[in-house]
Amino acid sequence: MNRREFIKFVAGGAAAVAVTNYGCSVGESSKAITKRPNIIIIMADDLGYGDVGCYGSKKIQTPNIDALARGGMKFTDYHSNCPVCSPTRAALLTGRYQQRSGIEGVIYAKGPTRQTGIALEETTFAEVLKKRGYVTGIFGKWHLGYNVEFNPAKQGFDEFVGYVSGNVDYHSHIDGAGFDDWWKNCEKVPEEGYCTDLITKHGIDFIERHKDEPFCLYLPHEAPHYPYQGRDDPPERLSGGRKGKKTKGDEILRAYKEMVEVMDEGIGRIVETVRCLGLERKTFIFFCSDNGATKNGSNGALSGYKGSLWEGGHRVPAVAYWPGRIKAGTITDETVLGMDLFATMASIAGVKPPAGLRLDGVDLLGMLTEDRKLPERTLFWRYRKEKAVRKGPWKLLVQGNQSKLYNLDDDLSEKRNLAKARPGMVKQLEDELSAWEQEVSAGVKLRA
Ligand SMILES: [Ca+2]
């Protein structure tokens, strides 16, 4: 969906009104301005740039995410820090390139990485907000360490229910290595239910219990990451290592659509809870994905998929919503990364990050609420054998020893390699890339 289509799309719907209605009867609180607004970060898993209605999906219905875009700000140039799960989450949690915390790849359920995790010495946004008097909760996927020593409870979260691996069976909650993986803080506490619905349920419960104090709710959803299972599909992973029925062929697309739509329904219920409690004007809500879609989803006009540094691997849907602060129906073309949310949340909460902590991300608050431009900057990605650099419209994509150059303003799909025509630009971005690689490698803390 391009800018003109989005404006038409916004005009076609009532601003900020979700299609669903969960029986709200309480009016908006008059206490519109607060020093410590609530913060809700909702992140989908492997949701692509073309998988959402307001980003042009015709197959998947997402009325609630679309309503957030109509009532808030839609990002056209938002990126996860990495085209896979764990590094994106490390950057989001720490506000810094994941290279600094040493989480450069997926922490797998099988193999030696299972013993690793994000160093406890890292400062997370949850720790900063907690010090500012926020109650902090995470419900859903952690994926920054399996062992209890790496549990979210050790990284500033007061409450955690969910799973620590990259994915669980949506019904049996067994991880990819056959372990039960459903936790309440540092204990395994089994719970019945469809993963997406449980994440929504715990999110709502958290908001209701903490409505009278500042809260930060992080809801990292599983949808639409595999295993591809809708609410009524059978479990695929059974106890004792037994295998159930696996979704295959055309059934995957049916399940994928349902998985996104159930998540969207849950987002609607979260927003409705905030609204019913009169908290809408003092709650910042941000929705995004953690990397691009696989071939089972859609990255719209973008090239590539999850795992690659083509735009389809990391340019993802993102929407910010805050009535009274963010103007309804706006679109931003600013280039934003997931690591920017840390500085933004700190700014919203009115707290400075601890002295000595240098964030790589920037504060988006002025851009969100006052239409201010972000400072010019050069941004970097590195994953396996690929590296990428962004500076304005220019993107350098380094694959092995080959450098490709694209102007994304004219060529969003990365079809016309301009490296030969613009050798000066290639050289400049290559130089910035090597300087960055040297700089981030200096402070790496590996934990095993
Ligand atoms: Ca992911």
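The values are calculated or read from the model by the stated rules, or taken from the named source; none is laboratory data. Here the structure is a predicted model, which is why all the values come from computation and not from measurement. Ideal geometry is used to build each Cβ from the backbone, glycine not excepted, and the neighbour counts take in all protein chains shown.
Leu47: modelled with pLDDT of 95 or more, touching a helix residue (DSSP H, G or I) at 6+ places or on another chain (Cβ under 6 Å) and within 14 Å of the ligand (Cβ to nearest atom), yes or no?
no
Of all residues in region 265-294, those being within 19 Å of the chain's Cα centre (by Cα) and not aliphatic (A, V, I, L, M) number 14. Are any residues in region 139-148 in a strand (DSSP E or B) and touching a Cys at 6+ places or on another chain (Cβ under 9 Å), and if so, which ones? Across region 139-148, the qualifying residues are Gly140, Lys141.
The single residue among Met263, Met259 that is in contact with a strand residue (DSSP E or B) (Cβ under 7 Å, 6 or more places away or on another chain) and within 18 Å of Thr62 (Cβ to Cβ) turns out to be Met263. Among the residues of region 351-376, those that are under 23 Å from the mean Cα position of the chain (by Cα) and part of a helix (DSSP H, G or I) comprise Leu365, Gly366, Met367, Leu368, Thr369. Quick one: is Asp264 in the same structural domain as Lys59 (by TED's automatic domain parsing), among the charged types (D, E, K, R) and away from the ligand (no atom under 16 Å from the Cβ)? Yes, satisfied. Quick check, is Cys54 part of a helix (DSSP H, G or I) and either under 18 Å from the mean Cα position of the chain (by Cα) or modelled with pLDDT under 70 (or both)? For Cys54, the condition - part of a helix (DSSP H, G or I) and either under 18 Å from the mean Cα position of the chain (by Cα) or modelled with pLDDT under 70 (or both) - is met. The residues of region 152-166 that are more than 16 Å from the ligand (Cβ to nearest atom) and either assigned to a strand (DSSP E or B) or of a type outside the set (A, V, I, L, M, F, W, C) (or both), listed by number, are Pro152, Lys154, Gln155, Gly156, Asp158, Glu159, Phe160, Val161.
Against the conditions (1) more than 20 Å from the chain's Cα centre (by Cα); (2) farther than 30 Å from Glu127 by Cβ, Asp212 satisfies every one except (2).
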